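Here the structure comes first, spelled out in structure tokens, and everything after it is commentary.
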Amino acid sequence: MTNLLNLKNDEGEIHLNDERMILTSSSIFGTLRKDLIENIGFERMKSFLIRYGWNIGVNDAKKGFVNGKGNTEARSNLTYAAGLYKS
């Protein structure tokens with residue numbers, strides 16, 4: 001798992017599986033949700049966040065496939081390392 005994570009301290013960058021990542025607090029999503037509700041309403045916020053989560057899953061699933069062959073362990077490790085679920 002640690003071979004997937006690369007911290008570039010000199011450049012202030014975090015890379016996971018050769019993709020640049022942004023590290024942020026999970027509490028910021030509560031703030032985002034609140035602001036979205038205030039600006040676009042509850043139903044549109046709900047649709048937006050469902051679409052957003054779906055697209056994250058689709059993109060992560062695509063990363064787990066190489067030459068049309070699925071790599072379930074790599075996908076699970078990537079999702080776990082990104083903090084998207086608990087084992």
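Details
- Within the range 7-47, the residues that satisfy the criterion of being at pLDDT 85 or above and within 21 Å of LYS62 (Cα to Cα) are ILE14, HIS15, ARG20, MET21, ILE22.
- LEU49 vs. criteria surrounded by 13 or more Cβ atoms within 10 Å (Cβ to Cβ), in a helix (DSSP H, G or I), touching a helix residue (DSSP H, G or I) at 6+ places or on another chain (Cβ under 8 Å) and among the hydrophobic types (A, V, I, L, M, F, W, C): yes
Rundown of residues vs (1) surrounded by 11 or more Cβ atoms within 10 Å (Cβ to Cβ); (2) hydroxyl-bearing (Ser, Thr, Tyr); (3) touching a residue at least 60 places away in the same chain (Cβ under 8 Å); (4) in a helix (DSSP H, G or I), yes/no style:
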residue	(1), (2), (3), (4)
ASN3	no, no, no, yes
ASN6	yes, no, no, no
ASP10	no, no, no, no
ILE14	yes, no, no, no
THR24	no, yes, no, no
THR31	no, yes, no, yes
ILE37	yes, no, no, yes
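The values are calculated or read from the model by the stated rules, or taken from the named source; none is laboratory data. Keep in mind that what you see is a predicted model, and the values were worked out from it rather than measured. Please note: Cβ atoms are built from the backbone with ideal geometry, for glycine as well, and neighbour counts cover all protein chains shown.
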